[in-house]
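The values are calculated or read from the model by the stated rules, or taken from the named source; none is laboratory data. No experiment lies behind these values; they were computed from the predicted model shown. Cβ atoms come from the backbone with ideal geometry, glycine included; neighbour counts cover every protein chain shown.
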Amino acid sequence: MKLNFTSDGGYSAGPAIGVIVLSTDETLEPELQQITASPRVSLYHSRIPFDPNVTPETLARMEGEIPFSLNLFPSHAAFDAIGYGCTSGATVIGAARVAEIVQETFPNAAVTNPITAAITACRALNVKRLGLLTPYRADISAAMQNVFEENGIKINGFGCFEEEMDHKVARISENATLEAMLQVGAGACDAVFASCTNLRTFGVIERAEKTLGKPVISSNSAFAWHLYRLSGVTGPITGPGQLFQI
């Protein structure tokens, strides 16, 4: 028996976000699941192949893989925003190049990534001097520092765990990250940024803010906040830290 049905726009008729997640990432999706807003936002995830060893060469190699990951998104979904979920990858490839690749497939979607989101968050919070915490080796961290300073944000405190293996970054304890946030943010800076989507931060951002008396943002908090705003959400977004009060 053939049954009749009616149609509507589906979940993607409301605000819809696509997120490209590294194949090695174990943290971005669980932290994004903690973000809520009204109207409800639909999240669609695609994975991108990535070598577990984080180097400038492996990061640059992802440029050629982004189109493959985009083609795994549902082609009939009307995406309001698409994010490439790698802070260091966007630093090495370049935010403008990432946006260009994404919009070749989804021309109507706004595009962001965690480093662009962090810069946008700093401007929204009126941050001129930043404490920067990264898990990366020194050359990747230095490249990220340059991106911030090219965008008018001075790095006044800097620390890195110097861990190259991405699965080990996912296992850095939140207490270790909290202590590092406090060390990096102790000096003359307006806020702290903890970089890397695989670094767990949501459980300690507000504790760090309370101790430091200044905003603390992470790759995932800035990325989520920016994606939701780009998707058209203008009301309150529930997430950790002062950023989500904007």
Being farther than 14 Å from residue 197 by Cβ and in contact (Cβ under 8 Å) with a residue 60 or more places away in the chain, is that true of even one residue in region 56-66? yes
Restricting attention to region 90-145, the residues that are of a type in the set (A, V, I, L, M, F, W, C) and closer than 22 Å to residue 160 by Cβ number exactly 19
Is it the case that residue 221 is under 27 Å from residue 41 (Cβ atoms) and in contact with a strand residue (DSSP E or B) (Cβ under 8 Å, 6 or more places away or on another chain)? no
Restricting to region 208-246, give me the number of residues that are within 24 Å of residue 25 (Cα to Cα) and part of a helix (DSSP H, G or I). 15
Go over the candidates 229, 207 one by one and state the one that is charged (D, E, K, R) and either modelled with pLDDT under 95 or out of contact with any Leu (no Cβ under 8 Å at 6 or more places or on another chain) (or both). 229
Is it true that some residue in region 25-42 is acidic (Asp, Glu) and modelled with pLDDT under 95? no
Yes or no: residue 213 over 22 Å from residue 95 (Cα atoms), surrounded by fewer than 20 Cβ atoms within 10 Å (Cβ to Cβ) and over 15 Å from the mean Cα position of the chain (by Cα)? yes
Can you run down the residue pairs with Cβ atoms below 6 Å, 6 or more apart or on separate chains, where the first is in region 1-12 and under 13 Å from residue 74 (Cβ atoms) and the partner is modelled with pLDDT of 95 or more? 11/42; 12/42
Between residues in region 147-176 that are among the β-branched types (Val, Ile, Thr) and residues that are part of a loop (DSSP other than H, G, I, E, B) and surrounded by fewer than 17 Cβ atoms within 10 Å (Cβ to Cβ), which pairs lie under 8 Å by C-beta distance while being six or more apart or on different chains? 153/128
In region 137-168, which residue that is under 17 Å from residue 222 (Cα atoms) and surrounded by 16 or more Cβ atoms within 10 Å (Cβ to Cβ) is farthest from the chain's Cα centre (by Cα)? 153
Residue satisfying condition, being surrounded by fewer than 23 Cβ atoms within 10 Å (Cβ to Cβ) and polar (S, T, N, Q), within set 134, 234, 197: 234
Note down all Cβ pairs under 9 Å where the first residue falls in region 41-54 and is within 16 Å of residue 109 (Cα to Cα), the second is charged (D, E, K, R) and part of a loop (DSSP other than H, G, I, E, B), and they're at least six residues apart or on different chains. 41/80
Could you check how many residues of region 29-79 are part of a loop (DSSP other than H, G, I, E, B) and not charged (D, E, K, R)? 20
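Quick grid of which residues meet (1) assigned by TED's automatic domain parsing to the domain that holds residue 213; (2) at positive phi; (3) part of a strand (DSSP E or B):
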position: 126; (1), (2), (3): yes, yes, no
position: 131; (1), (2), (3): yes, no, yes
position: 142; (1), (2), (3): yes, no, no
position: 176; (1), (2), (3): yes, no, no
position: 179; (1), (2), (3): yes, no, no
position: 192; (1), (2), (3): yes, no, yes
